[in-house]
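Quick notes on the structure that follows.
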2 protein chains.
Amino acid sequence: MKQTKLAAGISLRRTVAEGNAAQLAAVKEIIQQVRASGDQALHEYTAKWDGVELDSLRVNQTEIDEAVARFDPQLLEDLKEAAANIRSYHESQKQEGYKNEKADGSYVAQRVTAIGSAGLYVPGGTAAYPSSVLMNVIPAQVAGVRRIVITSPPGKDGALSDGVLAAAHILGVVEVYKVGGAQAIAALAYGTETIQAVDKITGPGNVFVALAKREVYGDVAIDMIAGPSEIAVIADDTAFADEVAADLLSQAEHDPMASAILLTTSEQLADAVSKEIDRQLETLPRQSIAAQAIQEHGMIYIGEMMGELIRAANELAPEHLEIIAADAEAAAEKIENAGAIFIGRYSSEPVGDYFAGTNHVLPTNSTARFSSALSVYDFIKRTSVVYYSEQAWHNNEAKIARLARLEGLEGHARAVESRSWEKGN
Amino acid sequence: MKQTKLAAGISLRRTVAEGNAAQLAAVKEIIQQVRASGDQALHEYTAKWDGVELDSLRVNQTEIDEAVARFDPQLLEDLKEAAANIRSYHESQKQEGYKNEKADGSYVAQRVTAIGSAGLYVPGGTAAYPSSVLMNVIPAQVAGVRRIVITSPPGKDGALSDGVLAAAHILGVVEVYKVGGAQAIAALAYGTETIQAVDKITGPGNVFVALAKREVYGDVAIDMIAGPSEIAVIADDTAFADEVAADLLSQAEHDPMASAILLTTSEQLADAVSKEIDRQLETLPRQSIAAQAIQEHGMIYIGEMMGELIRAANELAPEHLEIIAADAEAAAEKIENAGAIFIGRYSSEPVGDYFAGTNHVLPTNSTARFSSALSVYDFIKRTSVVYYSEQAWHNNEAKIARLARLEGLEGHARAVESRSWEKGN
C-alpha cells in the first residue's frame with residue numbers, strides 16, 4: 001500500500017466522476033423510452049440487459065413464500081435480529097411537530113407527516129443485498145410511509161434472490177418488482193401500467209442507476225447519488241495491523257473504485273498494515289477487485305500527532321471512519337465530517353453494515369461535509385402552519401405591509417390590508 | 001378567472017419546465033469559465049450581465065455602514081422584529097443527538113453537527129429581497145454554521161440594495177459579495193481567488209440560478225430548485241371575496257408563471273372572486289405580471305364538498321395553502337401535502353412571507369409531496385456512531401459474518417472474525 005506523510009497542501013477531498021457522456025446518453029434514452037412505452041420498455045430492457053423474458057414484472061406471493069421456505073432458517077433469524085436492531089436505532093429518529101403560541105392568540109407550528117410512497121432500488125447482479133432491503137425499508141416504515149415498493153434486477157432465471165425476498169418478507173413488503181438499472185428508476189419516477197410512480201427513490205446502484213437518479217431528481221425525491229465505498233481508519237500504535245488491514249480490505253472488496261485510507265501516527269503500524277494487506281489479499285475471494293482498489297485508491301498517510309489525523313479525516317469526510325487508538329472516544333468527538341464513526345477495535349466496519357442498527361446508506365465522495373446517513377428524516381416532510389388571530393393581524397399588518405412595499409410587492413401589502421374588523425362583524 | 005368543476009381525472013399536479021437547452025448550455029459555459037478563470041470570469045460576467053465594472057467583488061464594511069445609516073429606521077425595526085420571530089420559530093428546530101446503549105456495553109448513537117459553511121443567493125434586479133436574507137441566514141445561524149456568505153447581483157451603480165445590506169447587518173453577516181446569476185452559484189460551489197467555496201448553497205433565483213444549482217448539485221449541497229410562486233386557497237361561503245382575490249394576486253404578482261388556484265364549494269364565492277380579481281388588477285402596480293399569471297396559471301375549481309377540496313389540495317401540493325372556511329383547523333389537519341398552511345382570514349399569505357416566523361423558502365412544483373420548507377435541518381448533518389464492546393463483538397460476530405457471506409462479501413466476514421480476545425490480552 002502506498003505511503004506518504006501528511007503535509008499542508010495535500011488535498012484529501014475525494015471526487016469520483018459519475019459515468020461518462022455515452023452512459024448519460026444511454027440513461028436519457030432509457031428514461032425517455034420508459035416514459036413513452038411504459039411496461040413494454042421495461043420488458044424490452046430486462047430482456048436486453050438482464051437476459052430474461054419475464055411474464056410478469058411483479059413478484060407474486062408464491063415466489064416470496066417459496067423463497068422464504070428455501071432460505072436458511074439460521075440466516076432468517078440473523079436477518080430478523082438485524083432488522084430489530086435497525087428498527088430500534090431508527091425509532092429514535094421519529095420527529096414530532098411543534099406549535100409556538102403567542103399572547104395575541106396567533107401561533108406558528110410545524111407539522112410532520114410521512115411521504116406517501118417510496119421506491120427502494122436493490123442492486124442485483126454478482127451479489128444480492130438483503131441488508132440493503134433492511135436499511136432502506138425500515139426507516140421508511142418507521143416514518144410511516146404507506147406504500148413501499150422494492151425493485152431489483154432479476155437473475156437469468158427470472159427470479160430475485162431468496163435473500164432479498166426473505167428480507168422483504170420479514171418486513172412485510174409485498175410490492176416487489178423484477179426491474180433493474182436506469183429503467184427501474186424511470187419506472188419509479190414516472191410510473192408505468194404496472195408500477196405506479198413513487199414520491200421518493202432510495203437505494204444504491206451501479207453507474208446507470210446513479211445517473212438515472214440524478215436525471216429524475218426534482219420530479220421525484222432521491223436519497224443521494226451513491227459513489228463507491230470508502231473507509232478511513234485512524235489508528236495509533238495500540239491497533240493490531242491484521243485487524244486494520246482486514247477492515248480496509250472489507251471496503252476495498254466492494255468495488256475497484258472503492259477507497260481505503262489509513263491515517264496513523266505510527267510508521268511501524270503503517271508498514272505492518274501494508275504487509276498484512278498483501279498477505280490477506282492472497283486468499284481473498286474478491287482479490288482482484290480489492291487489489292485494484294488498494295492500488296489505485298488506497299493510501300497510508302502518516303502524521304505527527306492525532307490532531308493532524310483528525311484534521312485530515314475532517315477534510316476527507318469519509319463514508320466510514322474507524323478510530324482504533326488510545327482515547328478513541330475523545331478523538332471521535334472532534335470528528336465533524338464522516339458518514340459513520342466506528343470506535344475501538346471491536347467496532348469493525350461490517351458491524352455497521354449489517355447489524356449494529358445504524359444505517360449503512362451513507363454519504364460518499366466527501367459529501368459527509370453536508371449530508372447524512374439515510375434516515376427516518378428522509379421519509380418525512382414538514383409543513384409550516386400559520387394562524388393569525390384578528391389581534392395579531394391588527395398588531396402587525398402595518399409592519400408587514402411596509403416590508404412588502406420595501407420589496408416592491410404592492411399586492412402583498414394590499415392583501416394584508418384588505419382585512420378589516422368591521423367587515424366581519 | 002377560469003372556472004371548472006373538480007372531477008375525477010383532472011390532474012392538478014404542477015410541473016413548470018426549468019429553462020431550455022440554450023439556457024442550460026449558457027449555464028454550463030459560465031460554470032466552466034468560473035472554474036477556469038475564477039475572479040476574472042466573475043468580473044467579466046458582472047460587466048456583461050449587470051452592466052457594471054466592479055473594483056472589488058466583496059462589499060466592504062463602509063458600504064454596509066452607509067447603507068444602514070441611509071435605511072429607514074422604522075423599516076430597520078420592522079426587519080428586526082421579523083428576524084426575532086423567524087429566529088424564535090427556527091429555534092424549535094434545533095436537533096439533539098441520541099445514544100442508545102445495550103447491556104453488553106455497546107452503543108449506537110447519532111451526533112448532530114452544523115455544516116461548515118453556507119452560501120446564500122439573494123436575487124437582485126427589479127426588486128431586492130431583504131426578507132430572503134432573513135429567511136436563509138437565520139436557519140443557518142440557529143444550526144450553528146460557522147461561515148455564512150451572501151451573494152447578490154449589483155445594480156448599475158455597482159451596489160447592493162440598502163435593504164439587503166441592512167438585513168445582513170442586523171444578522172451580523174459580514175461576508176457579502178456583488179455577484180449574481182449562474183456565475184455566483186459557480187463561485188460558491190467551486191471557489192475563486194476571492195470567494196472561498198461553501199458546503200451548501202441556498203436561496204431562490206431566476207432560471208439561470210436554478211439551472212446552475214442543479215448543475216453543481218452533488219459537488220455541493222443545495223436547498224431545492226425553486227420554481228415560480230404558487231398559492232392555493234380553500235374557501236367556503238364564509239370567506240370574503242375581496243380578501244381571497246387579494247391573496248391570490250399577492251402570489252400572482254411575483255411572476256407571469258406564478259400559479260393562483262381557488263378551491264371552493266361556493267359558486268357564489270367563485271364568481272365574486274373572479275370579479276374582485278379583475279377589479280383589483282386595475283390598480284395593481286405589477287398588473288401585467290399578475291394578469292398574465294392569473295390568465296395562464298390561475299384556476300377556480302368548484303367542488304361539492306370540503307373533502308373534495310382537501311383531496312385536490314393534497315394532489316396539488318401547493319407551496320402556499322390558505323384555508324378560509326368554517327372549521328379551517330380541522331381541514332388543515334387533513335392536509336398532507338403543502339409547503340405552508342395559512343389558517344383563517346387573518347392569516348393572509350404575506351404574513352408568512354415576512355413576519356410570522358415560518359420560513360418563506362418553500363417547495364414548489366408539487367414537490368411538497370416529498371420536500372419541506374428551508375429549515376435548521378438543512379444546515380446540519382448527522383453522523384452515526386457505533387461502539388462495540390468486546391462482549392458485543394463476541395455475542396454477534398458469527399451472525400455478522402454469516403450475513404456478510406450471504407452477500408458474497410468474504411472480506412467483510414473476515415474483518416469481523418479477525419478480532420480475538422487472546423491477542424489483546
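Every number in this text was worked out from the coordinates using simple rules, so none of it is lab data. None of these values were measured; they are calculated from a predicted model. Backbone-built Cβ (ideal geometry, glycine too); neighbour counts: all protein chains shown.
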Give me the inter-chain shielding for B:330-341: mean count of other chain Cβ atoms within 10 Å, whole number please. 4
For chain B, what is the mean residue ellipticity at 222 nm derived from helices alone (per DSSP H run of n ≥ 4: -39500 (n - 2.57); sum divided by total residues; nearest 500 deg cm²/dmol)? -13000 deg cm²/dmol
Residues whose built amide H sits under 5 Å from the amide H of B:T192, excluding neighbours closer than 5 in sequence, are B:A197
Size of electric dipole in the range B:301-364: Cβ of Lys, Arg +1 and of Asp, Glu -1, about Cα centre, debye, nearest 20: 80 debye
Please give the charge dipole size of the range A:21-222, origin at the Cα centre, charges +1 on K and R Cβ atoms and -1 on D and E Cβ atoms. Round to the nearest 20 debye. 700 debye
Can you sort A:D104, B:D55, A:D236 from fewest to most other Cβ atoms within 10 Å of each residue's own Cβ? B:D55, A:D104, A:D236
Loop-only trypsin sites (Lys or Arg not before Pro) in the range A:293-398, please: DSSP not H, G, I, E or B, and at most 16 other Cβ atoms within 10 Å. A:K334
Name the long-range amide H neighbours of B:E230: under 5 Å, sequence gap of 5 or more, or other chain; modelled H, no Pro or chain starts. B:S259, B:E319, B:H320
Counting alpha carbon pairs within less than 8 Å and at least 6 residues apart, what relative contact order, in whole percent, applies to chain B? 21 percent
Nothing charged except the Cβ atoms of Lys and Arg (+1) and of Asp and Glu (-1): what's the magnitude of the dipole of chain B about its Cα centre? Round to the nearest 20 debye. 1760 debye
Angle, helix A:61-70 long axis vs. longest principal axis of chain A, Cα atoms, 0 to 90°, nearest 10? 30 degrees
Between the range A:33-92 and the range B:58-132, what is the C-alpha centre distance in whole Å? 43 Å
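Per-residue mean of other chain beta-carbon atoms within 10 angstrom of the beta-carbon, peptide A:235-245?
2
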Footprinting proxy, A:V16, A:V173: sorted fewest to most Cβ within 10 Å, the residues are A:V16, A:V173
What lysines sit close enough to B:K275 to cross-link, taking a C-alpha to C-alpha distance under 20 Å and skipping anything fewer than 8 places away on the same chain? A:K423, B:K2, B:K5
Cα axis of helix B:162-171 to longest principal axis of chain B: angle in degrees, 0 to 90, nearest 10? 40 degrees
Report the relative contact order of the range B:227-370, percent, no decimals, based on alpha-carbon pairs under 8 angstrom and at least 6 residues apart. 27 percent
When the chain is fully extended, how far beyond the present Cα-Cα distance does A:A84 get from A:A22, taking 0.36 nm per residue of separation? 18.0 nm
For the pair A:Q295/B:M305, report the inter-label distance in nm, with labels modelled 7 Å from Cα in the Cβ direction. 7.0 nm
Candidates B:Q391, B:Q287, B:Q141; GNM for chain B (alpha-carbon contacts under 10 Å) flags as most fluctuating B:Q391
For the range A:252-266, what does the Karplus curve 6.51 cos²θ - 1.76 cosθ + 1.60, with θ = phi - 60°, yield as ³J(HN,Hα) per residue in whole Hz, taken in order and with x for Gly and Pro? 4, 6, 5, 6, x, 8, 4, 10, 9, 10, 10, 10, 9, 8, 10
Once the convex hull of the C-alpha atoms of chain A is built, how many Å³ does it hold per residue, rounded to a whole number? 210 Å³
Residues whose modelled amide H sits under 5 Å from the amide H of A:G97, counting only those 5 or more places away in sequence or on another chain, are A:V112
Roughly what % antiparallel, to the nearest 5, for the DSSP beta bridges in the protein assembly as shown? 25 percent
When B:I302, B:I231 are ordered from fewest to most other Cβ atoms inside 10 Å of their Cβ, what list results? B:I302, B:I231
In nm, what is the difference between 0.36 nm times the number of residues separating B:A69 and B:V52 and their Cα-Cα distance? 3.7 nm
Per DSSP, loop GluC sites (Glu not before Pro) in the range A:183-267 with at most 15 further Cβ within 10 Å: A:E193
At 0.692 mPa s and 37 °C, plugging the Kirkwood radius over alpha-carbon pairs of the protein assembly as shown into Stokes-Einstein gives what diffusion coefficient in µm²/s? 116 µm²/s
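For the pair A:R405 and B:R279, what calculated FRET efficiency results from E = 1/(1 + (r/R0)^6), where r is the Cβ-Cβ distance and R0 = 35 Å, to the nearest 0.05?
The computed FRET efficiency comes out at 0.95.
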For B:K200, go through the lysines and keep the ones whose alpha-carbon is under 27 Å away, minus same-chain ones fewer than eight residues off. A:K94, A:K200, A:K213, A:K334, A:K381, B:K28, B:K48, B:K80, B:K94, B:K178, B:K213, B:K381
Going residue by residue through the range B:322-331, the Karplus relation 6.51 cos²θ - 1.76 cosθ + 1.60 with θ = phi - 60° gives ³J(HN,Hα) values, rounded to whole Hz and with x marking Gly or Pro, of 9, 10, 10, 6, 4, 6, 4, 5, 5, 5
So for the pair B:K94, B:A398, with labels modelled 7 Å out along Cα→Cβ, what separation do we get in nm? 4.8 nm
Taking θ as phi - 60°, what are the ³J(HN,Hα) couplings along the range A:42-57 by the Karplus curve (6.51, -1.76, 1.60), each to the nearest whole Hz, with x for Gly and Pro? 4, 4, 5, 5, 5, 5, 6, 8, 9, x, 9, 8, 8, 6, 10, 6
Within a 10 angstrom radius of each residue's Cβ in A:139-150, how many Cβ atoms of other chains show up on average? Whole number is fine. 0
0 to 90° range, to nearest 10: angle between helix A:267-281 axis and chain A longest Cα axis: 80 degrees
